[in-house]
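A short write-up of the structure that comes next.
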Amino acid sequence: MKKFNILIISAVLMLFVGGVGSTQLLAANAPAKQPAKTKTVPPVAPIKKNGTTTLPSKSTKPVVITPAQSYTYTPVKPLDLVAHPNAFVNKRVKIRAKFDKFSSLGLDYKPAMRSSQKYITFLICRDNTTNVIPLSELKNFLKREVAEKNIDLETGDIVEYSGLVFSNALGDVWLEVEDFKVIQSKAKDKKATSTK
């Protein structure tokens with residue numbers, strides 16, 4: 001009986017060690033990541049200043065070239081987006097809506113992680129009502145640098161933004177904004193009418 005128990009324990013250990021070994025083997029056989037393309041800086045012509053010629057300091061660091069990203073965004077109505085969140089996951093969309101307010105809704109939520117250190121969320125107004133009701137089912141994540149440039153936005157300002165729907169956690173739409181434009185601002189309109 002003891003030999004049988006030892007045999008079972010050793011078989012389980014072999015399976016465990018074999019499972020770990022096979023994952024290590026798979027990791028070892030995985031293709032290596034390709035390094036980014038580098039481009040060396042061409043020689044720079046001498047700089048003439050006040051009749052004397054000087055050479056600029058040489059840089060030995062290679063310049064990393066990243067290709068410019070150009071995406072195609074599908075125009076979508078916000079209510080259609082929140083009605084079918086699964087259909088838009090990993091797709092790029094473009095939305096024009098009334099801005100409601102900046103918020104911290106959904107930040108640092110682990111299943112759809114976007115850090116409150118780098119991002120801030122904003123809400124838009126529902127377009128199926130005359131009252132100001134935020135569409136909280138759509139979580140729009142905007143980089144803090146962009147939000148700080150648009151800090152004077154007011155409820156009702158028209159914004160247009162596009163981005164990637166990166167999650168449908170909790171049955172909601174989680175969108176990372178890649179491009180953000182203010183189409184019409186009440187603050188700008190007030191300044192324009194007060195100066196006339």
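Worth a mention:
- Checking the cross-link pairs Lys98/Lys118; Lys77/Lys118; Lys94/Lys181; Lys91/Lys186 against a 21 Å limit on the alpha carbon distance flags Lys98/Lys118; Lys77/Lys118; Lys91/Lys186 as lying beyond it.
- Alpha-carbon centroid distance for the pair the stretch 168-186 / the stretch 127-150, whole angstrom: 6
- Cβ-based net charge around Leu123, under 9 Å, with every Lys or Arg adding one and every Asp or Glu removing one: +1
- Sequence-distant aspartates and glutamates (8 or more away, or on other chains) whose Cα lies within less than 20 Å of Lys149: Asp100, Asp157, Glu160, Glu176, Glu178, Asp179, Asp189
- Summed side-chain charge close to Thr74 - residues other than Thr74 whose Cβ falls under 12 Å, Lys, Arg +1, Asp, Glu -1: +3
Quick note: the coordinates plus some simple rules give every number you see, no bench work behind them. Since this is a predicted model, take the numbers as computed values, not measurements. So basically every Cβ, Gly included, is an ideal-geometry build from the backbone, and we count neighbours across all protein chains shown.
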